[in-house]
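We did not get these values from a lab; they are worked out from the coordinates using the rules stated. This one's a predicted model, so the numbers in the text were calculated from it and none came from an experiment. No Cβ is skipped: glycine too gets one built from the backbone with ideal geometry, and neighbour counts run over all protein chains shown.
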Amino acid sequence: MNIHKYNGCGNDFLLLDHIEHTDYSEWARRLCAKESFDTDGLIAVKTDPLEMVYFNKDGSRAPMCGNGIRCFARYVRDQKLSEAQGFKVETLAGTREIRVLNQDPFYCEVEMGSPDYSPEKLAVDQLYPIRNQNLQIGDERRKVTSLFMGTIHTVVFVENANAELDKKTGERICHHPLFKERTNVNFVEVVNNHELIVRTYERGVGWTLACGTGCCAAYVVAKENGYISEQEVTIHLAKGDLVISGEESIRMAGPAIYEWTKTMEG
């Protein structure tokens, strides 16, 4: 069995061909652990049709992963599963359309779908959307907005996104009782009307170097609140940038890098 490692803006994944009747939850816990390959997640690649089966490193299944789907697209091209400039990928969050913009270095754009603020999608026990809602976190109150953007996300605007890495706020919001299925938490610093800095505490992972769906969520909420006005916004992550655009349907453009292939027995 060949296992391939890819990364998108520092967010790294193990990719392998899908095998029926396999406990990928257990594989993710074992292979993505610090004692093993220490990656953010595991992606099993189905064909006919192309489908992305994604698990976080703690073994939990996630509907989608923005950086992961770019790595999936790179894998599809590397393995010659499709040589078309554009192709579709099935996910638990719906069908996603890929457009390869450059092969070497690899760069692609993904149609990420539309934001959904409905409480049902967020798995919360309240009847109204979470829009600029005050949330009690320990001894402080934080204003948050939550939405489904391929997966559950919460956006918090801050003066200094990097400063949040030394705090427990991300973990506390992620595990807040309001969110029955937990939430990804994105701390967003507004640089100007076309640039954001985003740092993400990811459910099932913890602090991560990048989160594509989180950047899309940050873009949507920043635009809704009037913090950005350009139609195309650059989002700065710890190890790279993503370009987010769109109105009804959100588009994400960014790189994916192949790192290595290892053969494992059994």
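Worth pointing out:
- With contacts taken as Cα pairs under 8 Å and at least 6 residues apart, the chain reaches a relative contact order of 21 percent.
- Under the simplified labelling scheme, the Ile19-Lys80 pair shows an inter-label distance of 2.4 nm, with each label point 7 Å from Cα along Cα→Cβ.
- Karplus 3J(HN,Hα) series, Hz, for the stretch 224-230 with 6.51 cos²θ - 1.76 cosθ + 1.60 (x for Gly, Pro): 4, 8, x, 7, 10, 10, 6
- For the stretch 119-247, the convex hull spanned by the alpha carbon atoms encloses 100 Å³ per residue.
- Taking amide H as placed 1.01 Å from N in the peptide plane, Gly41 has its amide H under 5 Å from the amide H of Leu14, each at least 5 places away in sequence or on another chain.
- Modelled spin labels at Glu159 and Glu265, positioned 7 Å past Cα toward Cβ, are 5.9 nm from each other.
- For the stretch 239-265 versus the stretch 185-237, the gap between their alpha-carbon centres in whole angstrom: 15
- 5 Å binning of all Cα-Cα separations within the chain, expressed as whole percents from 0 upward: 1, 6, 14, 18, 20, 17, 12, 7, 3, 1, 0
- Charging the Cβ of each Asp and Glu at -1 and of each Lys and Arg at +1, and nothing else, the dipole of the stretch 20-147 about its Cα centre rounds to 300 debye.
- Linear extension gain, Asn134 paired with Asp166, 0.36 nm per residue minus alpha-carbon span: 9.3 nm
- Size of electric dipole in the chain: Cβ of Lys, Arg +1 and of Asp, Glu -1, about Cα centre, debye, nearest 20: 380
- In this rough spin-label picture, where each label sits 7 Å from Cα along the Cβ direction, the Tyr258-Arg30 distance is 2.7 nm.
- Rounded to the nearest 0.05, the FRET efficiency derived from the C-beta distance between Met1 and Lys143 at R0 = 51 Å is 0.60.
- The peptide list 255-261, 149-155, 11-17, put in order of mean Cβ contacts within 10 Å with the highest first, becomes 149-155, 11-17, 255-261.
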